[in-house]
1. Find the all-direction average of the projected area of the Cα convex hull for segment 153-277, expressing the result in square nanometres with one decimal place.
2. So what are the ³J(HN,Hα) numbers for segment 64-75, from phi and the Karplus equation (6.51, -1.76, 1.60; θ = phi - 60°), rounded to whole Hz, Gly and Pro as x?
3. Calculate the length of the line joining the C-alpha centroid of segment 59-84 to that of segment 252-278, in whole Å.
4. For segment 309-446, report the translational diffusion coefficient in µm²/s to the nearest whole number, using Stokes-Einstein at 37 °C, 0.692 mPa s, and a Kirkwood Rh over Cα pairs.
5. Which of the peptides 176-183, 137-144 is most tightly packed, and how do the rest follow, judged by the mean count of other Cβ atoms within 10 Å per residue?
6. I'd like to compare 419-430, 157-168: which one has the highest average count of other Cβ atoms within 10 Å, and what's the full order after that?
7. Subtracting the Cα-Cα distance from 0.36 nm times the residue separation, let me have the gained length for residue 341 to residue 199 in nm, one decimal.
8. Can you list the lysines whose alpha carbon sits under 28 Å from that of residue 341, skipping same-chain ones fewer than 8 residues off?
Amino acid sequence: MFNSTIRTSQTVPSVLLHVWVGSYFEGIVGTSSNFWGAVHRFRVSILWVLGASAFFFVVWTLRFSPYRSDLLLDTYLQMAGGLIAFTFAANALVRFRGTHDRVSLILAFGFVLAALIEAATAMTAYREAYQAPTGPLHVSLAWMAGRTLLAVLLIVALGVERKKPIARDAGREIAAATLLVGGVAYLISVIYFTVPPMRIHTDSILPRPWDLMLAALFLVSAVGYSWRLNRVESAFDRSLYFAAVLNVACHLAASESQQPLDAPYILSHFLMVASYAIVLGGTLLENAHLFDEVSRLAKSDSLTGLANHRRLIEVLDAELQRSGRTGRRFSVLLLDLDGLKKINDRLGHLVGSRAIQRVGYVLRNYCRASDTAARYGGDEFALVLPEAGEDEALQAAARICERVNNDGEKPVISVSVGVAVYPRDGTTIERLLSVADHNLYDMKLHDHRGVRHMRFAAGQTT
C-alpha cells in the first residue's frame, strides 16, 4: 500500500504538468490562429479601402471630363440590362422550382419589375432628349423607383429567408411573392410620386445626393449577403454579393453626374448592367450544377453511390453494340449478399443497410476504372467487365469476395457470384443477366466448388 501511495504521489504532478503544457501549447496555437486571422482581415480591409479610394478618384476625375455619350449607347445599355434581368428572372424561377429557395423567387419577380421600369426609363429618356430643357434638371423618378425596388427586395429576401428559407408549397409561395413584390413596388411608387422633384445640383459637390440613399440600401444588402456566405456557399450566392457591391458603386458614380449622358452617368449604367450580368452568370452556373446533380442522381443508387438499374442497362446496351462491331468479349457478374435477412432480423435494418454499403464500397474502389458497378436489386449487385473473358471475370470475382469478407467490419459478410460471358452465354441483355442469375443461385444453393459453379466466399455471415 505504501508503494502504491508513492506511485500515486508521483503520478499526479506529472499529469498536472502534462495538462498544463498541453493547455499552454493549445493556447499558443489558438492565439496564432487568431493572429493570422486578424492579419488576413486587415489585409482584406486594406484592399477594400484602396479599391474604394481608386474608384472615388476615377469618379471624381470623370465628373470634370467633357465626355458626353451618344443617347443611342445609353438606350442600348438600358435595353441590355432589361434583357439580362428578364433572363435572370426566368433562370431564377427554374432554380426555385428545383431548390424551393425563397430568395430566388422574390428576386425573380423583383428583376422583372425592375426591367420593365428600366425599359420605360429608356423610352422616356430617348423622347426627352430631343426636347430643350425648360428648367433645372431632375433625377428620373422611374430610375429612382426601379433601383429602390431592387435594393429593398434584396434586403427583404434576406429577411424572408432568415425566417423561412425553404418553400414547401410552390404555388402558394409564388402567389405570396407576387403580392409581396407588388406591394413593395406600389409603396415605393406612392412615396416617390408624393415627394418633390429631385433636382440635380450641378454646382454642388454631390449633384445627385438622392443616389447616396440607394447606395446605402445596396450597401446594407451587400453586408447581409456577405454574412449569408458564411451559411451557404454557391455561385448564385456569391453573385448576389458581388452584384450588390457593384450596385453600391453604380449609385456612388451616379451621385456625381451633373447632367444626363455625362461620364459618371454612363459609368453608373455600365456598372448596373454588369451587376445584372454577374447575377445571371451565377444563376446559370448554379442551374448547370443542379442539372448535373439531378442527372447523376437519376443514374445512381442513393444508398451505395453505384450506378442504378437504369444506368446498368444503358452500359450493357453500349457494350453489346461495341462488342458486336469489334468481336471482343465482355463479362457480366451478378453478386448477391449472403444472409442479409438474418442480419436484418438479428441486428436491425440499419446494420443491413450498412452491409449493402460495404459491398458497394468494395465494388466502387477495387475494380478497374473501365468497369461499371451497379446495384441490381435490394441485395444484388452487377459488374460489367469490358474486354474480359471467363478467367478475368473469375479473378475479379475472387478479388471482390476476398475484399468484402476481409473489410475489417462486423458482422463479417460474404457474397455469392454468377458469371456470364458474351457471346458464349448470350447475345442479349436479358439472356446474359438470366445466365448470370442462374449461375449465381446454383452456386448459392448447391455450394459447388467447380470453376464455373464455385462459391466465391471466404467466410460465413456472423
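1. Numbers: hull surface 36.4 nm².
Here the figure is 9.1 nm², rounded to one decimal.
2. Once rounded to whole Hz, the list reads 9, 6, x, 4, 9, 6, 6, 4, 5, 4, 5, 5.
3. After rounding, the separation between the Cα centres reads 6 Å.
4. Working: Rh = 15.2 Å.
Translational diffusion coefficient: 216 µm²/s.
5. Values: 176-183: 16.0, 137-144: 18.6.
So the order, starting with the most tightly packed, is 137-144, 176-183.
6. Details: 419-430: 17.3, 157-168: 14.7.
Packing proxy ranking, top to bottom: 419-430, 157-168.
7. Numbers: separation 142, 0.36 × 142 = 51.12 nm, distance 8.10 nm.
Contour length minus Cα-Cα distance gives 43.0 nm.
8. Correct list for residue 341: 299, 410, 444.
We did not get these values from a lab; they are worked out from the coordinates using the rules stated. What you see is a predicted model, and the numbers here were worked out from it, not measured in a lab. Here Cβ is always computed from backbone atoms with ideal geometry, including for glycine, and neighbour counts include all displayed protein chains.
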